[in-house]
Amino acid sequence: MLTRKQHELLMFIHEHLQTTGFSPSFDEMKVALSLKSKSGIHRLISALEERGFLRRRAHRARALEVVRLPGASQQASSHGDKSKTANVLQGKFGLASRSERADAVSLPLFGRVAAGMPIEAFRDLGKFIDVPASMISSGEYYVIEISGDSMIEAGIIDGDIAIIQKTDSAENGEIIIALIDKNEVTIKRIRKRGNSIALEPANRAYETRIFGPDRIEVQGKLFGILRWY
């Protein structure tokens, strides 16, 4: 996963190399990313090296080599329209794009979503996560970071990365991303009861919430979980 600044720096270095044939200076990188000090650039370069995107050529000044780029969809998204409503999971999801790694696909990260009381979700452009290709099938996907503990009895804990398959419908008992009143987003288990929709937590410390059908929109359903230790 790359942060927005890491992605911006990587693409700036790549474009500079393509245009001039040599890597930009630290001053040029600092100005391009609107940073106040070179130390921030050093940290970003180190992070990109650790993740295998950049390599420094030994014994040469201003010698950075781009080893690999994020998936094509990430490059397109980094220049996307940031004026879209921030609290709705919307926009171009697209099919999962093939990562530079042969065994992975690169999926867009759509911020933190509450596994607890609903919180605002946001579209965080520029962040992508490589997901093992074996974990998904055909369809459209994105990933979210879980915030909260209301789904712990379903094996979903704070800090998990959830793989979400984009859909606007779900069956009873499925774990979904729900948009409430076009304003808040949460992850819960759905139950349809007559003309009402229940969003059920998987933690007895939380209460089930009941809504009218016109207040809930399904934004996707849980497909898998990534967790690092």
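Read the figures in this text as sums done on the coordinates, not as results from a lab. Nothing here was measured: the structure is a model prediction, and the numbers come from that model. Here the Cβ is made from the backbone with ideal geometry for all residues, glycine too, and neighbour counts use every protein chain on show.
Qualifying GluC sites (Glu not before Pro) in segment 138-191, where qualification requires a DSSP coil assignment and no more than 10 other C-beta atoms within 10 Å, comprise Glu171.
In segment 4-66, one over the average inverse separation of all distinct C-alpha pairs is 11.6 Å, which is the Kirkwood hydrodynamic radius. So how far, in whole Å, is the C-alpha centre of segment 147-193 from the one of segment 22-55? The distance from the Cα centre of segment 147-193 to that of segment 22-55 comes to 37 Å. Residue exposure proxy: His42, His16, ordered by other Cβ atoms within 10 angstrom of their Cβ from fewest to most, comes out as His42, His16. Ordering Val66, Val143 by the number of other Cβ atoms within 10 Å of each residue's own Cβ, fewest first, gives Val66, Val143. The residues Phe12, Phe223, Phe128, when put in order of fewest to most other Cβ atoms within 10 Å, stand as Phe12, Phe223, Phe128.
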